[in-house]
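Here the structure is laid out as structure tokens; the discussion comes afterwards.
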Amino acid sequence: MLVLGIETTCDETAAAVIERAPDGSGKILSNIVWSQVEEHARFGGVVPEIAARAHVDLLDGIIDRAMTEAGIDFAQLDGVAAAAGPGLIGGVIVGLTTAKAIAMVHDTPLVAVNHLEAHALTPRLTDALEFPYCLFLASGGHTQIVAVTGVGQYVRLGTTVDDAIGEAFDKVAKMLGLPYPGGPQVERAAANGDAARFAFPRPLQGRPDANFSLSGLKTAVRNEASRLAEITPQDVNDLCASFQAAVLDSTADRLSVGLKLFREQFGAPRALVAAGGVAANQAIRGALHDVARKAGTQLIMPPPALCTDNGAMIAWAGAERLALGMTDTMEAQPRARWLL
Ligand code: KG4
Ligand code: ZN
């Protein structure tokens, strides 16, 4: 089964072709990702209107490259999948409309994929992982712990009540004068900082639910920074290190509760799976290893290029749905918000 996947929900314009074998294994034939990060950097964050216009300009060329690299033509496709949300609505409209046009012209099935579902199913492409497993998704837009028990079967065990983790990294970076996107900058600064210098809160620590909260921590960083007369580079490093240490402790605590809830409801998970840009952070990866080990499960992290937004994950989720006969009509709607 050959499926084209299209991803345009944020600031990556991406298309990919995957092949799914009857035994359920998958192969990436092409995976083209164009990051718009430079277009948005001077604004300190993603500007939705700029993103939507860039998707319009770029998408056709990216799809062409994905098809050429895969060495197939449209007539060979068994389906076309697009992320129909959640995300910035202008971009979602561009991707879904393009997928509908391809489906119509080439008479091939359409699959409108939930972007979060695509993150959730990626380890079945990379690691042939069996259900059920526990997903920790931490990106600039989402922080969720999800029990994945089947295709289309997701139970949210925890989520953030305010900022996403990546969003908190980006906001802390911005307030300390570090460039966008801030996550990697904060990690770099933290490596040279003293994590014990500032005693920041560990939000929701010890609570019986598996939710996250980041905004109080972010405010605590802002307050400490404004108390310093003049912020030296070492202050920035120490603030970043102390902030990151709080995020690590909070993440470990929230995830261990999430895994406990998982066990109570679904039995032992086959793995803890981490996805999203935040999982690129080495310190967080270390914390996730500890959490998995203590919970007696394995940690699976798809390679970074498949953890962050890409077309292959959309194509793969489309193929998994297609294999079960789950297709969509031309009435499929783009959605800014779409819970799993
Ligand atoms: O998954 P992703 O590439 O895009 C979406 O948000 O969908 O995630 C990007 C987010 C940004 O907030 C970025 O600052 C954060 O992931 N991030 C990191 C690191 N690398 C990326 N956060 C902390 N440490 C990092 N090394
Ligand atoms: Zn994403």
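Excluding same-chain residues fewer than 8 positions from residue 171, which lysines have a Cα within less than 28 Å of its Cα? The reachable lysines, counting only those whose Cα sits under 28 Å from residue 171, are 218.
Fully extending the segment from residue 331 to residue 27 would add 106.5 nm, taking 0.36 nm per residue of separation and subtracting the current Cα-Cα distance. The C-alpha atoms of the chain define a longest principal axis, and helix 233-266 lies at about 60 degrees to it. The angle between the Cα long axis of helix 282-294 and the main principal axis of the chain comes to about 90°, on a 0 to 90 degree scale.
Once the Cα atoms are used to define both axes, helix 89-105 deviates from the longest principal axis of the chain by about 20 degrees. Suppose we flag trypsin sites (Lys or Arg not before Pro) only when DSSP calls them loop and at most 12 other Cβ atoms lie within 10 Å. Which is the longest uninterrupted stretch of the chain? Longest gap between qualifying sites, sites excluded: 43-336.
By other beta-carbon atoms within 10 Å, ranking 266, 243, 43, 169 with the fewest at the front produces 43, 266, 243, 169.
Charge dipole of the stretch 1-123 (Cα centre as origin; +1 on each Lys and Arg Cβ, -1 on each Asp and Glu Cβ, all else neutral): 140 debye, rounded to the nearest 20. Calculated [222 nm] ellipticity per residue, helices only, for the chain: -14500 deg cm²/dmol; basis is -39500 (n - 2.57) per DSSP H run with n ≥ 4, divided by all residues, nearest 500.
Cα centroid separation, the stretch 291-325 to the stretch 14-71: 17 Å. In this simple spin-label approximation, residue 65 and residue 209 carry label points 7 Å from Cα along the Cα→Cβ vector, and these lie 4.3 nm apart. On the principal axes of its alpha carbon atoms, the chain extends 64, 47, 30 Å, with the longest extent given first. Distance between the pseudo-spin-label points of residue 76 and residue 49 (7 Å out from Cα toward the beta carbon): 4.2 nm.
Given their separation in residues at 0.36 nm each and the Cα-Cα distance between them, residue 194 and residue 105 gain 26.1 nm when the chain is fully extended.
Read the figures in this text as sums done on the coordinates, not as results from a lab. Worth saying up front: this structure is predicted, and the values here are computed from it rather than measured. Every residue, glycine as well, gets a Cβ built from its backbone with ideal geometry; the counts of neighbours run over all protein chains shown.
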